[in-house]
Amino acid sequence: MNSISSPPAVSPLSALHAEKHQGPAALADSALELARLVLVHGPVSRGELAKELKLSVASLTRLSKPLLDAGLLVEGELVADGTVGRPVRLLDVRSDSAWFVGVKVGGDLLTAVLTDLRATILAQATLPLADTSSHTVVEGIAQLTEQLGAHNDVVVTGVGVSLGGQVRPNGVVHRAPFLDWNDVPLGMLLATRLELPVVVDNDVTALVAAEQWFGAGREVADFAVITVGAGVGYGLAIRNHVIRTADTGLGLGGHFPLDPTGPMCMDGHRGCSTAMLSIPSICLQISAALGRQVNYEQALELAEEGNRVAVAVLEAAGKALGGLIAAAANLAMVNTIVLGGEGLALFTSRKATVVAALAAGRDPEAEAVTLRVASDDFTEWARGAAAVAIQAQAFIL
């Protein structure tokens, strides 16, 4: 694992929180928004920040002083900003002022990453799960958190956990069928075990949060995330805000109808996105037609070799994926779509089909859709978990 320097005993982030909660002298929300902007877009000039926050440069300077004093913000070297004025000092964050662990909970595996304040992955680790009891999961997350902190000589600031299912704002996992969980207070159990701030979130929503601050959201305020893997996930960010509702985590994007003649999912929906795109469904269709068990990697290889069954199934899936992307862009009125999940090889192998179906589903006068392809391994999901911990811990408004 990577070796990184140890943070101070009292981190600048802790100092910032202490100052924020001192009553009348507390930091204004605008100062915290300033810190968020620098975290996402820094290094950046005071002039650019003042314009974004609709403040004078003098007011911006006053706002930044508590953050500079706390050590969360730092000033860089003098640089020319492209104007005829004097050189300016760009503001930035100390990425090494806080450390976060993000954990993706799978049905048989925990995947964890250690990140800095900008969700840069510094180290990673995995741990097989002997069972899916809450005790086993909590102890496994605790083991990984302690391991990543100790092996990299850092003090972990906060922990984020993501999983497939419905998660309440208080960290209670209301429903996670793949774990056979109902109303498990995972956030409280972990916070008690670790004695650290803990955030628990739906895995797709966590990916959206990571993209909002550290990915696509750096370029656009509105975008959607579509994930393909064991199931199909859908998330949305509008005006730099991650959309969360009471139904988040139900997997409603997995029931979107795509092909009225397609196979049925386990819930009896014919040709829905889960039936057309999920790894289990693709493998089941090819296996049933060939009369032998075929896994996802083999399915892709068979299609590459020209096997007619595999080609037909994957072509139909590629067309369905393009249709789902078009529907997301049309209905949410976003022009940036991030693709993620362990089934991303479908897009790679059938890109031309996906793009053609996307174009067919859009108005010819509509703006082009920008596709951003994320990593297809579980570390990306774990990074998403770290991102929600960073958001919650660093800038609680």
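The values are calculated or read from the model by the stated rules, or taken from the named source; none is laboratory data. Quick caveat: nothing in here was measured; it's all calculated off a predicted structure. Note that each Cβ is placed from the backbone with ideal geometry, even for glycine, and that neighbours are counted across all protein chains shown. We work out accessible area using only protein heavy atoms, side chains counted, and drop any ligands, DNA or RNA first. Shrake-Rupley method; radii C 1.70, N 1.55, O 1.52, S 1.80 Å.
Let me check against my output: what whole-number percent is the relative contact order of segment 228-327, with C-alpha pairs under 8 Å and at least 6 apart? Write down the numbers at each step before the final one.
Numbers: 128 pairs, mean separation 22.3, N = 100.
Over segment 228-327, the number comes to 22 percent.
Determine the dipole magnitude for the chain: charges of +1 sit on the beta-carbon of Lys and Arg, -1 on that of Asp and Glu, nothing else is charged, the reference point is the Cα centre, and the result goes in debye to the nearest 20. The partial results should precede the final answer.
Numbers: 27 positive and 40 negative charges, 159 e Å.
Taking the Cα centre of the chain as origin, the dipole is about 760 debye.
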If the cut-off is 20 Å between C-alpha atoms, which lysines fall inside it for LYS65, apart from same-chain ones fewer than 8 positions away?
LYS20, LYS51, LYS54
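Suppose a student asked you for the relative contact order of segment 132-194, using Cα pairs under 8 Å spaced at least 6 residues apart; what percent would you report?
Numbers: 57 pairs, mean separation 18.8, N = 63.
Once divided by the residue count of segment 132-194, the mean separation gives 30 percent.
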For the chain, modelled as a GNM with alpha-carbon contacts under 10 angstrom, which of SER278, SER59, SER30 fluctuates the most?
SER59
Return the single residue from LEU72, LEU109, LEU53 with maximal mean-square fluctuation; model: Gaussian network over the chain, springs between Cα atoms under 10 Å.
LEU53
Heavy atoms only, 1.4 Å probe, whole protein assembly: order GLU301, GLU77, GLU52 by accessible area, highest first.
GLU77, GLU52, GLU301
Put a dot 7 Å past each Cα toward the Cβ at SER287 and SER56; how far apart are the dots in nm?
7.0
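Take every Cα pair under 8 Å in the chain that's 6+ residues apart, average their separations, divide by the length, and report that relative contact order as a whole percent.
Details: 801 pairs, mean separation 62.7, N = 397.
Reported as a whole number, the value is 16 percent.
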Among ALA374, LEU60, GLN298, which residue has its Cα furthest toward the positive end of the charge dipole of the chain, with +1 on Lys/Arg Cβ and -1 on Asp/Glu Cβ?
LEU60
Work out from phi, with θ = phi - 60° and the Karplus expression 6.51 cos²θ - 1.76 cosθ + 1.60, the ³J(HN,Hα) of each residue of segment 201-206, listed in order in whole Hz, and give x for Gly and Pro.
8, 4, 5, 5, 4, 5
Solvent-accessible area, 1.4 Å probe, carbon plus sulfur percent, for segment 216-338:
55
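Throw me the Rg/Rh for the chain, computed over C-alpha atoms with Kirkwood Rh, two decimals.
Values: Rg = 22.7 Å, Rh = 22.5 Å.
That ratio equals 1.01.
Give the percent of DSSP beta bridges with both residues in segment 133-284 that are antiparallel, rounded to the nearest 5. Walk me through the numbers before you get to the answer.
Values: 15 of 20 bridges.
About 75 percent, rounded to the nearest 5.
Ignoring ligands, DNA and RNA, please state the percent of accessible area on segment 94-144 from carbon and sulfur, probe 1.4 Å. If you can, show how the numbers build up before the last one.
Details: 810 of 1610 Å².
Answer for segment 94-144: carbon and sulfur cover 50 percent of the accessible area.
Counting DSSP beta bridges in the chain, what percent are antiparallel, to the nearest 5?
Numbers: 34 of 52 bridges.
Beta bridges within the chain, antiparallel portion: roughly 65 percent.
What does the accessible area per residue of the chain come to in Å², with a 1.4 Å probe and no ligands, DNA or RNA counted?
On the way: 18240 Å² over 397 residues.
Per residue, the chain has an accessible area of 46 Å².
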Which aspartates and glutamates have a Cα lying under 12 Å from the Cα of LYS319, excluding residues fewer than 8 positions away in the same chain?
ASP259
Residue-normalised 222 nm signal for the chain, counting each DSSP H run of n ≥ 4 as -39,500 (n - 2.57), nearest 500 deg cm²/dmol, is -13000 deg cm²/dmol
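Which net charge results for the neighbourhood of VAL156, defined as the other residues with beta-carbon distances under 12 angstrom from its beta-carbon, given Lys and Arg at +1 and Asp and Glu at -1?
Values: positive: none; negative: ASP116, GLU146, ASP153, GLU195.
Summing Lys and Arg as +1 and Asp and Glu as -1 gives -4.
Where does the charge balance sit around ASP377 when Lys and Arg score +1, Asp and Glu -1, over other residues with C-beta under 13 Å from its C-beta?
Working: positive: LYS104, ARG383; negative: GLU342, ASP376, GLU380.
Residues near ASP377 contribute -1 overall.
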